[in-house]
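Student: Input: one structure, supplied below.
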Amino acid sequence: MRGGTVINSLIVCMAGFLPVSTSGQTTIRRLGPGDEGIVRLLAEDEPKTLLLADERTIFVAAFDGDTPVGFAFGYELPRRHGAPTILFVYELEVDEAYRRRGIGTALMTELRRLSSATEAFVLTEPDNDAANALYASLGGTRVETVMWDY
């Protein structure tokens, strides 16, 4: 495995010490060219694996041994004012059997650590209690905004 973060029984993050896998060693690492097969395993539809070569795209995955069990995916978006970039966290998913072990927190922490952006945002549904609790525990501030789909 290429470089990454090893998680045994505890991780240190902004929220403190959180329990992780009790059945083995969980690792988190950034995916890149050569990891197309892993992205396909994590996808529900045919994934766009060319994004792995784009440095503005950050794709991190969590593994239990060699098995991918979750991922976080974001883009560094250039800005015309303020900080040069902002991180848009586009997706975060942890396999249901691995939830509530700190893996989502670790994925978000690693995604933000790898980004050069000093600010980040993520969108979720107002009634997605699990996601909203995770984002709040990471120090996020909930804002009321309107999004328009076209």
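The values are calculated or read from the model by the stated rules, or taken from the named source; none is laboratory data. No experiment lies behind these values; they were computed from the predicted model shown. Here the Cβ is made from the backbone with ideal geometry for all residues, glycine too, and neighbour counts use every protein chain on show.
Student: Of Thr109, Thr118, which residue is more than 8 Å from the chain's Cα centre (by Cα) and not small (Gly, Ala, Ser)?
Tutor: Thr118
Student: Criterion first (on the phi > 0 side of the Ramachandran plot and either crowded, with 19+ Cβ neighbours inside 10 Å or hydrophobic (A, V, I, L, M, F, W, C) (or both)) does Gly102 satisfy it?
Tutor: On the way: on the phi > 0 side of the Ramachandran plot: yes; either crowded, with 19+ Cβ neighbours inside 10 Å or hydrophobic (A, V, I, L, M, F, W, C) (or both): yes.
Spelling it out, Gly102 is indeed on the phi > 0 side of the Ramachandran plot and either crowded, with 19+ Cβ neighbours inside 10 Å or hydrophobic (A, V, I, L, M, F, W, C) (or both).
Student: Ok, one more. Taking the stretch 95-144 only, how many residues are among the acidic types (Asp, Glu), more than 30 Å from His81 (Cα to Cα) and part of a loop (DSSP other than H, G, I, E, B)? Working first, answer last.
Tutor: Just the residues of the stretch 95-144 that are among the acidic types (Asp, Glu), to begin with: 95-96, 110, 119, 125, 127, 129, 144.
Next, only the ones that are more than 30 Å from His81 (Cα to Cα) stay: 95-96, 127, 129.
If we keep only those that are part of a loop (DSSP other than H, G, I, E, B) too, we end up with 95, 127.
The total comes to 2.
Student: Among the listed residues Ala97, Ala106, which satisfies the condition of being modelled with pLDDT under 95 and of a type in the set (Gly, Ala, Ser)?
Tutor: Criteria check complete, one pass: Ala97.
Student: If you don't mind, another one. Return the only residue of Glu46, Glu91 being surrounded by fewer than 18 Cβ atoms within 10 Å (Cβ to Cβ), under 17 Å from the mean Cα position of the chain (by Cα) and farther than 13 Å from Thr118 by Cα. First the steps, then the outcome.
Tutor: On the way: Glu46 fails: under 17 Å from the mean Cα position of the chain (by Cα).
From the options Glu46, Glu91, the qualifying one is Glu91.
Student: Also, quick follow-up: Scan Thr67, Thr49, Thr57 and give me the residue that is under 22 Å from Arg29 (Cα atoms) and in contact with a Leu (Cβ under 6 Å, 6 or more places away or on another chain).
Tutor: After applying the criteria, what remains is Thr57.
Student: Assess whether Ile38 counts as being under 20 Å from Tyr135 (Cβ atoms), of a type in the set (Val, Ile, Thr) and surrounded by 12 or more Cβ atoms within 10 Å (Cβ to Cβ).
Tutor: Details: under 20 Å from Tyr135 (Cβ atoms): no; of a type in the set (Val, Ile, Thr): yes; surrounded by 12 or more Cβ atoms within 10 Å (Cβ to Cβ): yes.
It is false that Ile38 is under 20 Å from Tyr135 (Cβ atoms), of a type in the set (Val, Ile, Thr) and surrounded by 12 or more Cβ atoms within 10 Å (Cβ to Cβ).
Student: Could you run through the stretch 27-82 and say how many residues are of a type in the set (D, E, K, R) and part of a loop (DSSP other than H, G, I, E, B)?
Tutor: As a first pass, look at the stretch 27-82 and keep what is of a type in the set (D, E, K, R): 29-30, 35-36, 40, 44-46, 48, 54-56, 64, 66, 76, 79-80.
Next, only the ones that are part of a loop (DSSP other than H, G, I, E, B) stay: 35, 44-46, 48, 54-56, 66, 79-80.
Number satisfying all stated conditions: 11.
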